[in-house]
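The values are calculated or read from the model by the stated rules, or taken from the named source; none is laboratory data. None of the values given here were measured: they were computed from a predicted structure. All Cβ positions, glycine included, derive from the backbone under ideal geometry; neighbour counts span all protein chains shown.
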């Protein structure tokens, strides 16, 4: 229309009046229509009043409609437009460029809708994420809450309780099993401490009762010198027993509490057994026990010399103690691969088979034939077992009543 008006010689004011009087398509208002005319120098000669002195800018991304027309999507004060440009040529020379634009309602609405959809989707996704996260975290934390509750409920009085193990084999189940294993060990240790405390209390109470009874009898009436002497001997036996028990008890408490305290070095076995022989020879002679050692020319151990001395002194002293007068106690040392085997063999009173599984328990004594009257505290074999185990060895007892006992110790040879 503008092109025809220019070709027909209309003035620019007439063109504008003519355009203002034209009917507009349905859905498009006149104020939403923009136009401008540029000369060959790209200067705006005239334009619609609603441009208010502005111009429709040419875009670098223009699409060709035909040989002369171009369309593009400019903006005016943030308002999206749809523009079309048509050049007027006179003798193949550009005379005017007509640009017409209208408000791009569809694109504007689409942008608004896209923005609204984006906002709603973002809010929706955030809400869904929060709900799903809460559900997942609640489900994930539920086993942890159960473990925490069960752990808080476990105390000294109910160490038999265990943590729940549920679901698949995951990290929480492994953690629960590990904690249950720790509680198992704590329960065993606590039971051992309770038993040990009970046994110590019983032993102390028994000795104190004997001491009190002996002294009460002695003080009940005047006694002869021999009777007082007999009472003193009895009291002395109990004191010696108590001293021995306290010494072993303290030794067990200090040494076994920290296995890292042991001093490991290469030990001359010949010299070690010579010490044991000298230490126990007087006891063997007093009981008329034949004490023999059968050892290789050279023996070496890797370990704590003080602990190994105590080990063999305890084992051989036990053998002498429970062997009748005139009996024999033999120590045989031999090499068994990477181990050195030490056998302490006696022909004493022996141990019934039903007692063998418990012989290494603290304060355990077999019966009337192995009573406190022979000086035993029930701590020696327990200490021996710990010494062997801390040296990564083994200890075994074979015995038959009235046939004797054999203790077999295997230690790693250096």
Note on the stretch 183-197: residues over 15 Å from residue 155 (Cα atoms) and surrounded by 12 or more Cβ atoms within 10 Å (Cβ to Cβ) are 192, 195, 196
Looking at the structure I just gave you, is residue 140 surrounded by 10 or more Cβ atoms within 10 Å (Cβ to Cβ), within 30 Å of residue 234 (Cα to Cα) and either in contact with a helix residue (DSSP H, G or I) (Cβ under 7 Å, 6 or more places away or on another chain) or modelled with pLDDT under 80 (or both)?
no
> Would a scan of the stretch 98-119 turn up a residue that is more than 22 Å from residue 15 (Cα to Cα), modelled with pLDDT under 80 and part of a strand (DSSP E or B)?
Replying inline: no
